[in-house]
Amino acid sequence: KKPAIDKKKDYLLQDNIDKTLTYQVADCCNPIPGDPIVGYVSQGKGIKVHRKDCPNIAKETKRLVNVIWDESDDSNSILHTVYIQITATDRPNLLVEIINTFSQTKIMIQSINGTVSDKTSLALFNLIIKVKDANQLVDVFNIVNNIPGVLNVERITKN
């Protein structure tokens, strides 16, 4: 059975909060199961769920509520969107190796965009990928970091 794509489903449980409020995963930081999360009570739009390290809520203090992932949810059947950036020393076949690595680990690439600096010979690739949870993302980072020439892999926020 092929995993479903994330449809902004409610993955969360909360304590001492009005049960009629709706939840939505914040587009800016795209939290995925396993990420430390916090809820932001937005006016008229229910609770937006952010990663705790999201810059958009960094200065917020009054409208935050505790939320946790629903461990009983069958979230393994859902793939979540993650934005990552790979920095590497450019070389022949670098992009081919990156794509092959994702293919071999059965990680779906939804989008890839890359540039190479003539001055520094550094390649910068922005990818949108689909993963099951934060643990799978850590595995992806470890594998990509082992590609010769890769200097850094990091999760980024949506542009």
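Quick check: from the Cα gyration tensor, does region 70-159 come out rounded (a/c under 1.5), prolate or oblate?
prolate
What full-extension length gain, to one decimal in nm, is calculated for Asn126 and Gln43 as 0.36 nm per residue of separation minus the Cα-Cα distance?
Result: 26.6 nm gained on full extension.
When the accessible area of region 30-98 is split by element with a 1.4 Å probe, what percent falls to carbon and sulfur?
Carbon and sulfur: 49 percent of the exposed surface of region 30-98.
Please compute the modelled spin-label separation between Asp53 and Thr101, points set 7 Å along Cα→Cβ, answer in nm with one decimal.
1.9 nm
How many angstrom lie between the Cα centre of region 89-115 and the Cα centre of region 139-158?
11 Å
Can you bin region 29-108 into rounded, prolate or oblate? Criterion: square roots of the alpha carbon gyration tensor eigenvalues sorted a ≥ b ≥ c, rounded for a/c under 1.5, prolate for a/b above b/c, oblate for the rest.
oblate
Quick check: residue separation of Asn152 and Ile112 times 0.36 nm, minus the Cα distance between them. What number comes out in nm?
Full-extension gain reported as 12.8 nm.
The values are calculated or read from the model by the stated rules, or taken from the named source; none is laboratory data. Fair warning: this is a prediction, and the values are worked out from it, not measured in the lab. Positions of Cβ are generated from backbone atoms using ideal geometry, with glycine treated the same way; all protein chains shown enter the neighbour counts. The accessibility values were calculated without ligands, DNA or RNA, using every heavy atom of the protein model including side chains. Shrake-Rupley method; radii C 1.70, N 1.55, O 1.52, S 1.80 Å.
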